[in-house]
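S.K.: Quick one: this structure, given as structure tokens, is what I'll be asking you about.
Nothing in this text is a laboratory measurement; each read-out follows from the coordinates by a stated rule. Values in this document were obtained by computation on a predicted structure and should not be read as measured data. No Cβ is skipped: glycine too gets one built from the backbone with ideal geometry, and neighbour counts run over all protein chains shown.
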Amino acid sequence: MSESIRILLVEDNPADARLLSEFLAEAENFYFDLVRVARLGDALRRLGTERFDVMLLDLSLPDAQGLETVARAYKHGAPIVVLTGSDDKDLAIRALREGAQDYLVKGQIETALLERSIRYAIERHRSEEMIEQYAYYDRLANLPNRNLLNDRLQQAILAARRENQLVALLIADLDRFKEVNDALGHQFGDLLLHQIGPRLKAKLRESDTVARLGGDEFAILLPSVESAGAAIEVAGKVLKALEEPFVIGGLNIDIEASIGISVFPEHGADADTLFKRADVAMYVAKETRNGYAIYSAEHDHNSSHRVTLMGDLRRAITEDQLFLLYQPKIDLKTGRVSGVEALVRWRHPEAGVMAPDQFIPLAERTGLIRPLTVWVIDMALRQYRAWVQEGLNLSVAVNLSRRNLQSQELPEQIAGLLQDSGISAANLQLEITESSIMENPARAMEVLSRMTSMGLQFSLDDFGTGYSSLAYLKRLPVSEIKIDKSFITNMETEEQDVAIVRLIIELGHILGLKVVAEGVEDQATLDMLIALGCDMAQGYFICRPISAEEIIRRMRSQPDPLNGRKTHVQGNLYPER
Ligand code: C2E
Ligand code: CA
Ligand code: CA
């Protein structure tokens with residue numbers, strides 16, 4: 001009797017309750033402290049003031065029936081094991097979708113099963129909480145991410161409005177980070193990212209927030225400053241802190257940063273505007289090489305580098321400078337290629353080939369993402385048809401951006417493209433992220449459900465880094481989740497990552513979803529994923545993103561992209577139809 005587990009049993013039938021407590025009394029590994037109530041209302045009251053490790057919940061109570069019971073109990077945060085009367089597996093599964101961790105069928109319960117189920121529910125709930133926590137953190141930089149920063153900025157604005165104060169937002173862009181990554185490899189870049197947070201925090205107050213926005217962009221929120229001058233002073237200190245070289249693997253690395261500043265209420269009344277304006281100021285700082293710049297209305301009219309790039313991008317779409325690469329997804333059960341993901345590139349006349357990270361954010365901010373997405377889908381569909389003519393049947397996945405899910409026109413545009421090409425919607429998959437839904441959930445859900453009714457398939461990309469992950473996942477019309485590569489790449493060394501990946505796979509399967517792992521970079525990771533029952537995998541180890549012609553060549557001439565290094569995967573990875 002090592003551990004004691006506190007259980008809240010919500011059961012109105014005295015005979016059922018007695019039976020359960022008898023089973024629990026026979027448990028060998030735990031001591032169970034059982035509290036029983038007969039009504040959901042009583043349960044919720046007790047949950048409000050007491051701590052329980054787990055709740056055993058009957059689905060037919062005097063004051064609550066069926067799924068509603070779970071929905072109401074779920075919000076209170078304790079893991080839930082549902083007790084269903086008959087062998088109603090359907091109801092039980094729907095209960096899992098509503099947030100329950102496990103279910104037991106009355107009449108089929110015995111001590112060992114009960115014990116296992118309780119343990120499992122507690123364990124799973126713990127992992128679920130862990131995943132939800134990552135929704136607000138950037139694991140590479142070990143800092144809050146954009147979601148958390150955005151929440152805090154909104155709160156700071158509310159407080160400042162009440163108390164007549166100023167809020168400052170600083171956006172810092174590291175000029176050398178990409179070079180470090182390219183020259184020394186991303187492990188090196190990751191180590192550098194880790195050092196940024198502590199260095200910046202040393203110059204800030206406890207109440208300030210440092211966040212990573214993505215790539216080489218960081219943000220600092222000063223929730224209450226006396227004046228714009230005070231924000232400039234902080235920018236100066238931050239720049240100075242970054243001047244000192246970073247020492248990584250014995251090398252001295254110099255980083256330069258440009259900081260843009262916007263201040264509430266002077267430069268904007270809401271988080272969105274403050275972000276945009278700090279961003280504009282940041283580009284000004286970059287061009288003038290001044291280190292920092294505070295937003296001013298003139299900046300918007302200046303023809304900056306960004307404005308030039310924007311014009312370039314507009315032209316790129318019409319002048320065929322964009323092109324697509326395709327990365328295969330393999331089915332781990334059959335070893336076959338189940339489809340490809342289209343990834344866009346820009347062959348810039350002067351700058352050379354640019355990766356999407358360098359221009360998608362810009363396209364999003366300027367609205368160019370709409371024509372760009374339409375171009376990508378059009379191209380992907382043409383390619384699909386060309387492959388069919390070559391005898392290959394490869395469904396194509398296209399990435400959608402945040403803005404796309406807010407666009408009422410997108411469903412019609414896609415319908416038009418499908419009709420023109422004569423391709424069935426089932427062959428086009430769209431990859432979306434949770435954060436793009438959370439920007440305006442009601443609107444996004446409407447756009448999504450229109451597209452779902454057209455027969456399009458959705459895949460939830462970057463899973464584990466999104467907003468309120470699990471709670472929302474249960475309601476989204478997706479048929480697939482892609483575990484974010486940040487959980488996959490270090491599976492070999494990080495036990496915690498393996499635990500999370502296992503949980504996501506389990507959870508996905510409970511919800512009837514296919515689970516894909518992206519960012520598979522070695523055999524060991526692939527083997528682990530197969531052992532965990534993952535459905536599909538994608539990554540450099542299997543195949544890098546390659547051109548459409550290369551896809552045909554590879555499917556023909558090199559049926560085994562793993563070069564014989566595979567162990568569990570059997571069969572031809574590149575089947576012909
Ligand atoms: P994503 O959708 O998560 O795409 C996966 C990215 O991971 C791709 O980078 C891919 O090349 C890379 N990758 C694949 N296997 C591995 C691996 O084993 N290890 C590592 N470290 N990386 C791997 P890429 O092509 O640079 O795309 C970056 C992001 O840009 C994409 O992330 C997606 O969010 C966005 N993107 C790409 N194409 C489009 C597009 O057509 N439209 C929109 N809206 N976004 C796009
Ligand atoms: Ca994707
Ligand atoms: Ca992804």
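S.K.: About the Cα centre of segment 425-466, what is the dipole size in debye to 20, counting +1 per Lys and Arg Cβ and -1 per Asp and Glu Cβ, all else neutral?
M.R.: Roughly 220 debye, rounded to the nearest 20.
S.K.: Once the dipole of segment 344-387 is set up with Lys and Arg at +1 and Asp and Glu at -1 on Cβ about the Cα centre, which of ILE360, ILE377, VAL344 lies farthest towards its positive end?
M.R.: Among ILE360, ILE377, VAL344, the one farthest towards the positive end of the dipole of segment 344-387 is ILE377.
S.K.: Next question, about the same structure. Once label points are set 7 Å from the Cα along Cα→Cβ at both ASP254 and ASP270, what is their separation, rounded to one decimal in nm?
M.R.: Going by the 7 Å Cα→Cβ label model, 4.3 nm.
S.K.: Pull out a ≥ b ≥ c, the square roots of the eigenvalues of the alpha-carbon gyration tensor of segment 21-147, then state rounded if a/c is under 1.5, prolate if not and a/b is larger than b/c, and oblate in the remaining case.
M.R.: prolate
S.K.: Quick one: what are the phi-derived ³J(HN,Hα) couplings along segment 478-485, Karplus 6.51/-1.76/1.60 with θ = phi - 60°, whole Hz, x for glycine and proline?
M.R.: Whole-Hz 3J(HN,Hα) from phi for segment 478-485: 9, 10, 8, 10, 10, 5, 4, 5.
S.K.: Taking H as built 1.01 Å from N, whose amide H comes closer than 5 Å to the amide H of LEU166, not counting residues under 5 places away?
M.R.: Under 5 Å from the amide H of LEU166 lie the amide H atoms of VAL225, each far enough along the sequence or on another chain.
S.K.: Filter the DSSP H helices in the chain by two things, a Kyte-Doolittle mean of at least -0.5 and an axial alpha-carbon span of 27 angstrom or more, and list the hits by number.
M.R.: Going by DSSP H runs, the hits are 369-389.
S.K.: Rounded to the nearest 0.05, what FRET efficiency do SER21 and ARG450 have when you use their Cβ-Cβ distance and R0 = 51 Å?
M.R.: With a Förster radius of 51 Å, E is 0.50.
S.K.: Where the Cα atoms of segment 136-215 are projected onto their three principal axes, how long is each span, largest first, in whole Å?
M.R.: Result for segment 136-215: principal-axis Cα extents of 49, 23, 19 Å.
S.K.: Could you rank the peptides 254-264, 496-506, 30-40, 415-425 by their average count of other C-beta atoms within 10 Å per residue, with the highest value first? Numbers along the way, then the final one.
M.R.: Working: 254-264: 22.9, 496-506: 19.5, 30-40: 16.7, 415-425: 14.1.
Listed from highest to lowest mean packing, they are 254-264, 496-506, 30-40, 415-425.
S.K.: List the residues whose amide H sits under 5 Å from the amide H of ASN393, counting only those 5 or more places along or on another chain, with H placed 1.01 Å from N in the peptide plane.
M.R.: Amide H to amide H, under 5 Å and 5 or more residues apart or across chains, ASN393 pairs with ARG577.
S.K.: How big is the dipole moment of the chain about its Cα centre under a simple scheme where the beta carbon of each Lys and Arg is +1, that of each Asp and Glu is -1, and everything else is neutral? Debye, nearest 20, please.
M.R.: 740
S.K.: Could you go through segment 513-520 in sequence order and give the Karplus-derived ³J(HN,Hα) for each residue, using 6.51 cos²θ - 1.76 cosθ + 1.60 with θ = phi - 60°, rounded to whole Hz, and x for Gly and Pro?
M.R.: So the J values, rounded to whole Hz, are 9, 7, 10, 10, 9, 10, x, 7.
S.K.: Determine the relative contact order of the chain: mean sequence separation of Cα pairs under 8 Å and six or more apart, normalised by residue count, in whole percent.
M.R.: Contact order relative to length: 10 percent.
S.K.: A further question on this structure: How large is the helix-only mean residue ellipticity at 222 nm for the chain, computed as the sum of -39500 (n - 2.57) over DSSP H runs with n ≥ 4, divided by its residue count, in deg cm²/dmol to the nearest 500?
M.R.: Mean residue ellipticity, 222 nm, calculated: -14000 deg cm²/dmol.
S.K.: For the chain, what does the alpha-carbon gyration tensor say about shape, rounded, prolate or oblate, given a ≥ b ≥ c as the root eigenvalues, a/c under 1.5 as rounded, and a/b over b/c as prolate?
M.R.: It comes out oblate by the Cα gyration axes.
S.K.: Now for a different question. Placing +1 at every Lys and Arg Cβ and -1 at every Asp and Glu Cβ, with all other atoms neutral, what dipole size does segment 191-274 have around its Cα centre, in debye to the nearest 20?
M.R.: 320
S.K.: A further question follows. Could you sort out which of LYS89/LYS333; LYS75/LYS474; LYS75/LYS514; LYS89/LYS329 sit more than 24 Å apart by Cα distance in this structure?
M.R.: The pairs that break the limit, which is 24 Å between Cα atoms, are LYS89/LYS333; LYS75/LYS514; LYS89/LYS329.
S.K.: Something else about it: What shape does segment 204-332 have by the C-alpha gyration tensor, where a ≥ b ≥ c are the square roots of the eigenvalues, rounded means a/c under 1.5, and otherwise prolate means a/b greater than b/c and oblate the rest?
M.R.: In terms of gyration-tensor shape, oblate.
S.K.: Follow-up. Over 24 Å between Cα atoms: which of LYS237/LYS286; LYS240/LYS286; LYS203/LYS286; LYS237/LYS485; LYS201/LYS482 fall into that group? Write out the running numbers ahead of the final one.
M.R.: Values: LYS237/LYS286 17 Å; LYS240/LYS286 16 Å; LYS203/LYS286 22 Å; LYS237/LYS485 34 Å; LYS201/LYS482 33 Å.
Long pairs (Cα-Cα over 24 Å): LYS237/LYS485; LYS201/LYS482.
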